[in-house]
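Asker: I'd like to ask some things about the structure below.
The values are calculated or read from the model by the stated rules, or taken from the named source; none is laboratory data. Treat the numbers as computed from the prediction; the structure is a model and nothing was measured. Ideal geometry is used to build each Cβ from the backbone, glycine not excepted, and the neighbour counts take in all protein chains shown.
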Amino acid sequence: MDMFEHKLSSIAGGRVLDIATSRGGFTGQLEEHLASFETITGIDVDAQILEEARSNFDDPTIDFLLMDAGQLGFANGRFDTISASASLHHLPHVSQALGEVMRVLKPGGTFIFAEMHRDAQTEAQQTIVQLHHWAADVDTTRGVYHQKTFTRQALVSFLEQMNLQNIEIHDHSEPDSDPMVEEAIQQCHDAIDTVLQRATGLPEYESLEARAQKLRQRISRTGIHWEPILFVTGQKPTN
């Protein structure tokens with residue numbers, strides 16, 4: 001995503017917060033592509049995942065904290081830049097979390113948002129949407145909060161609630177790429193294996209496994225295109 005990397009390279013991050021950071025994948029993108037930064041703090045509610053994130057970084061200016069995005073333990077205006085990537089559908093109270101983002105973002109600070117959505121353009125893209133939603137059902141059955149992905153319009157509606165200024169919206173999708181790339185297809189099969197392991201022992205395992213087999217058959221038939229992504233940057237008003 002050259003556009004994505006180009007936009008990040010124009011942002012002097014200052015003090016950066018990455019919410020619902022998981023294993024720190026987007027933190028790594030910020031570290032690599034931001035024009036500069038003072039510190040990056042990633043937060044998540046899963047202590048085990050945060051340990052994995054910490055093991056991926058040896059930069060003392062990058063840290064990870066156990067914290068709920070809906071109840072941020074930071075002072076008002078603490079951060080110059082806040083990011084949320086592939087995270088909104090993991091948050092039980094999205095509007096509350098975005099309200100907290102605006103509280104701890106300083107006036108004039110930058111919000112960076114990247115989220116996949118369900119408005120697929122091809123059969124191969126719809127296959128990945130179905131795979132993601134099946135994984136969300138597995139996690140929900142396990143008692144782990146994981147919503148199905150939102151529509152693009154729902155994401156825009158959330159962003160409108162934030163009243164950001166100088167908004168730039170970019171849509172990323174690759175509907176014309178080859179859907180039958182063997183490496184990508186294998187990644188999907190590996191992902192299904194990993195998610196099924198998490199479902200082991202659940203009373204619903206047989207039905208979840210049956211859905212997984214249908215997904216495998218669909219992948220073999222349609223191939224895959226990755227989900228469309230909405231990428232947005234904007235600034236908090238200064239007054």
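Asker: Could you give me the residue pairs with C-beta distances under 7 Å whose first residue belongs to the range 56-74 and is touching a residue at least 12 places away in the same chain (Cβ under 8 Å) and surrounded by fewer than 17 Cβ atoms within 10 Å (Cβ to Cβ), whose second residue is assigned to a loop (DSSP other than H, G, I, E, B) and of a type outside the set (A, V, I, L, M, F, W, C) wherever it lies, and which are 6+ apart or on separate chains?
Answerer: What qualifies is Asn56/Arg23; Asn56/Gly24; Thr61/Glu38.
Asker: Another question, then. For the range 132-151, how many residues are in contact (Cβ under 8 Å) with a residue 24 or more places away in the chain and within 22 Å of Gly201 (Cβ to Cβ)?
Answerer: The qualifying residues number 10.
Asker: From the list Glu174, Glu183, which one is at pLDDT below 95 and over 16 Å from Ala84 (Cβ atoms)?
Answerer: Details: Glu183 fails: at pLDDT below 95.
When all the criteria are applied, what remains is Glu174.
Asker: Take the residues in the range 97-117 that are on the phi < 0 side of the Ramachandran plot and of a type in the set (Gly, Ala, Ser); name whichever of them is surrounded by the most Cβ atoms within 10 Å (Cβ to Cβ).
Answerer: For the range 97-117, the residue satisfying everything is Gly109.
Asker: Given the options Arg78, Arg152, Arg118, Arg142, name the one that is closer than 29 Å to Ala12 by Cα and in contact with a helix residue (DSSP H, G or I) (Cβ under 7 Å, 6 or more places away or on another chain).
Answerer: Step by step, each of Arg78, Arg152, Arg118, Arg142 is checked, and only Arg78 is closer than 29 Å to Ala12 by Cα and in contact with a helix residue (DSSP H, G or I) (Cβ under 7 Å, 6 or more places away or on another chain).
Asker: Please return the ranges of helices (runs of 4 or more DSSP H) entirely within the range 123-239 where 2 or more residues are over 18 Å from the mean Cα position of the chain (by Cα).
Answerer: Correct list: 123-141, 182-199, 205-222.
Asker: Can you tell me which residue within the range 23-39, out of those that are under 17 Å from the mean Cα position of the chain (by Cα) and within 18 Å of Leu105 (Cβ to Cβ), is surrounded by the most Cβ atoms within 10 Å (Cβ to Cβ)?
Answerer: Ranking the qualifying residues of the range 23-39, first place goes to Thr27.
Asker: While we're looking at this one, here's another question. Just checking, how many residues over the range 75-88 are surrounded by 22 or more Cβ atoms within 10 Å (Cβ to Cβ) and under 14 Å from Thr39 (Cα atoms)?
Answerer: Summing the residues that are surrounded by 22 or more Cβ atoms within 10 Å (Cβ to Cβ) and under 14 Å from Thr39 (Cα atoms) in the range 75-88 gives 4.
Asker: Under 9 Å between Cβ atoms, which residue pairs at least 6 apart in sequence (or on different chains) link something in the range 1-29 that is in contact (Cβ under 8 Å) with a residue 60 or more places away in the chain with a partner that is surrounded by fewer than 14 Cβ atoms within 10 Å (Cβ to Cβ) and assigned to a helix (DSSP H, G or I)?
Answerer: Leu8/Glu32; Ser22/Glu52
Asker: For Met102, state whether it is under 29 Å from Glu32 (Cα atoms) and either part of a helix (DSSP H, G or I) or at pLDDT below 95 (or both).
Answerer: Taking the combined requirement at face value, the residue satisfies it.
Asker: Quickly run through the range 217-239 and pick out the residues that are loosely packed, with under 15 Cβ neighbours inside 10 Å and among the charged types (D, E, K, R).
Answerer: Arg221
Asker: Restricting to the range 118-137, and then to whatever is closer than 13 Å to Ser173 by Cα and polar (S, T, N, Q), can you tell me which residue is surrounded by the fewest Cβ atoms within 10 Å (Cβ to Cβ)?
Answerer: My answer is Gln121.
Asker: Cβ-Cβ distance below 6 Å, separation of 6 or more or different chains: which pairs start in the range 82-93 with a residue that is assigned to a strand (DSSP E or B) and end on one that is surrounded by 21 or more Cβ atoms within 10 Å (Cβ to Cβ) and acidic (Asp, Glu)?
Answerer: Ser83/Asp18
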